[in-house]
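Structure, as structure tokens:
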Amino acid sequence: QFFVFCHGLLQLSQLLVSGYLKSSISTIERRYGLSSQTSGLLASFNEVGNTLLIVFISYFGSRVHRPRFIGCGAILVSLAGFLMSLPHFITGPYEYDQSVASMFSNTTDLCQPGVPGSRGNLSDAGCTPHAARENHEVLLVMFIAQALLGIGGVPIQPFGISYIDDFASERNSPLYLGILFSVTVIGPGVAFMLGSAMLRFYVDIDKVTGDDVQLTNKDPRWVGAWWLGFLVAASLVAISAVPYFFFPREMPKEVGERDFPLVLLRNLRHPVYLLVVLAQVNLSAMVAGLATFMGKFLERQFSLTASLANMIIGAVNIPGAMVGIVVGGAILKRFQMSLRQCSAMCVLGMFLCLLLAFPLLFLGCPTQKVAGVTYSESSEFGHHSLECNLQCNCPEKAYNPICGSNAIEYISPCSAGCRVVNINADNNSVLNYTNCSCISENGLAGFAKPGTCGTGCSHLFLPFVVLSCLAGILASTSHTPSFMLILRSIQPEDKSFAVGIQFMLLRVLAWMPGPVLYGSAIDTTCILWEKKCDRKAACRYYDNNLFRQRYLGLQFFFEVGAF
């Protein structure tokens, strides 16, 4: 029982490390200027190390000191967690465009007619070879950490489960494994809650004092302390690794050798097994994309902070999926279902899920009006320089969104032609911008508030969350019956091997390509890219309608596939 407790703790902290990345992905994108395709690849990269080794490990499982192997794997996972936070410590402080000269920069992004041509240096400073190299280092470190995370995670689940199954009584084994399984479902939920808590702090909380931070966490340039959660999670893993070095080896019962290729063919030719695994591949691909980019989607579509988006996912969507899994299992047990009834239940669950998921495609709003990006008063579309700010010599890349009194958003105070900034003396934050030549009201120069205008979509937020939660509950009711279909339709002696093959297929066909596919689809809907040294970095503005249609459309496509 102590082993079960330790293993539950270890699996929870391992999932914290891998799940926390998903909760802070939109923040890391913003901090290091990554496209969603890159961040999707990063998120699924731990599966690479994992897949390469899982077959060997399952095969050698009975010949090694399993607890010690688990302990070593956990130490690798912990190391990976610490490595993930390393980029924060090797790069300088986060820089963003500001209207107020401060200790970071003496340039401002206000309209200054008298200063011709010298304004281009605002963000070119970050284009030295050193800065470019720094960015490559960051990516390299993160990809290595993700690979290590995958490799370290390999022995943890299979060895732990087989160890428990070997030494627990026949009666208690299902209970213990049930406990572990519920922990693996809770894990990501806890990870998103951890993300929600950490992203409330400013990223450079250790490098600058509170007074120097001029951003609030509602500002589109805000970057939360993404690295803090990795330190917390990695420390937890390190602590839970310790007991494993003191568990006994206990030689398990030897299993008769089996013929590797023969079993593989026998299973792959089995129609029920193949079809159920394909359905699970579709569902897993959907979940992989959902888990990785749902937070980002909520942030953009409903103008939420990263912290709140994580809170919703961790407190509503993931518990919903758990309820579905439990309900599915309970129905199975209560009605002692046959295989045919199991498959009928899966089909019904998916059909109802489709009915609820379809309206989600229409619950959303277009991108807010952004001058020169999604909105233009003259017929010439796509010209960044509006007539009204020609004499301002705006730096091209400035990004410090403000919301005009005419409800139109401008990329920076300069692009709105604002000449005066008013500062709140107490906490050094910007109150508003005045004397803006592009924002005209009744022929007078208007004013603007700092921060984005928002999508004005808050009224649709509640129906969206409720529907997506219900759809998730319905989809996950098919989880347990589909496992039963697999376990009961193949020969008993092939069981563990069939499940191993099933997990490998899920990894290769769903968990690895899923986030990359979703990330690429999201990238196609970007309408304004941040430029770093003449290369595309993170996306500033998406076409929200396209974003929603492609993101949720892809999700719907996989749900239909599973059905």
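The values are calculated or read from the model by the stated rules, or taken from the named source; none is laboratory data. Quick caveat, the model's predicted, so the values are computed rather than measured. Counting neighbours? That spans all protein chains shown, and the Cβs are built from the backbone with ideal geometry, glycine included. Remember, those area values only see protein heavy atoms, side chains included, never the ligands or the DNA or RNA. Shrake-Rupley method; radii C 1.70, N 1.55, O 1.52, S 1.80 Å.
A straight Cα-to-Cα reach below 17 Å connects LYS449 with the lysines LYS218, LYS369, residues fewer than 8 places away in its own chain not being considered.
List the chymotrypsin sites (Phe, Trp or Tyr not before Pro) within region 289-343 that DSSP assigns to loop and that have no more than 16 neighbouring Cβ atoms inside 10 Å. Don't jump to the answer; show the numbers that get you there.
Working: sites: PHE293, PHE297, PHE302, PHE335; in loops: none.
Loop-located and lightly packed - none at all.
Annotation: amide H of TRP529 within the under-5 Å range of ARG540, sequence separation 5 or more or interchain, hydrogens built in the peptide plane. Annotation for VAL316 and VAL242: the two label points, set 7 Å from Cα along the Cα-Cβ direction, are 4.0 nm apart. When peptides 354-364, 416-426, 466-476 are ranked by their average number of other Cβ atoms within 10 Å per residue, the highest-first order is 466-476, 416-426, 354-364.
So what is the 222 nm mean residue ellipticity for the chain from helices alone, if each DSSP H run of at least 4 adds -39500 (n - 2.57) and you divide by all residues, rounding to the nearest 500 deg cm²/dmol?
Values: 20 runs with 316 residues, N = 563.
Theoretical 222 nm ellipticity from helices: -18500 deg cm²/dmol.
Apolar share of the accessible surface for the chain: 66 percent from carbon plus sulfur atoms, 1.4 Å probe. The LYS536 and LYS218 beta-carbon pair, evaluated with R₀ = 35 Å, returns a calculated FRET efficiency of approximately 0.85.
Run the numbers for LYS207 and ALA425: contour at 0.36 nm per residue of separation, minus the present Cα-Cα distance, in nm. Present the calculation step by step, with values, prior to reporting the outcome.
Values: separation 218, 0.36 × 218 = 78.48 nm, distance 2.30 nm.
Length gained between LYS207 and ALA425: 76.2 nm.
Here each label is just a point 7 Å from Cα along the line to Cβ, and for LEU467 and THR184 those points are 3.2 nm apart. Out of these labelled values of Cα extents along the principal axes in Å, (1) 85, 48, 40; (2) 97, 68, 45; (3) 83, 60, 51, which was calculated from the coordinates shown here? Derived directly from the coordinates: (1). Subtracting the Cα-Cα distance of PHE143 and VAL64 from their residue separation scaled by 0.36 nm leaves 25.5 nm. Rolling a 1.4 Å probe across the protein heavy atoms gives the chain an accessible surface of 45 Å² per residue. Relative to the longest principal axis of the C-alpha atoms of the chain, give the angle of the C-alpha long axis of helix 318-335, reported between 0 and 90° and rounded to the nearest 10°. The angle comes out at about 30 degrees. About its Cα centre, region 323-475 has a charge dipole of approximately 940 debye under the convention of +1 per Lys or Arg Cβ and -1 per Asp or Glu Cβ, with nothing else charged.
Test of understanding: given the chain, find the longest segment containing no GluC sites (Glu not before Pro) that are in a DSSP loop and have at most 16 other Cβ atoms within 10 Å.
397-563
Between PRO87, VAL138, TRP511, the Cα set farthest toward the positive side of the dipole of the chain (charges on each charged residue's Cβ, about the Cα centre) is that of TRP511.
Computed packing ranks the peptides 215-227, 447-459 as 215-227, 447-459, most packed first, by mean other Cβ atoms within 10 Å.
Label-to-label distance, ARG340 versus ARG249, with points set 7 angstrom from Cα along the beta-carbon direction: 5.2 nm.
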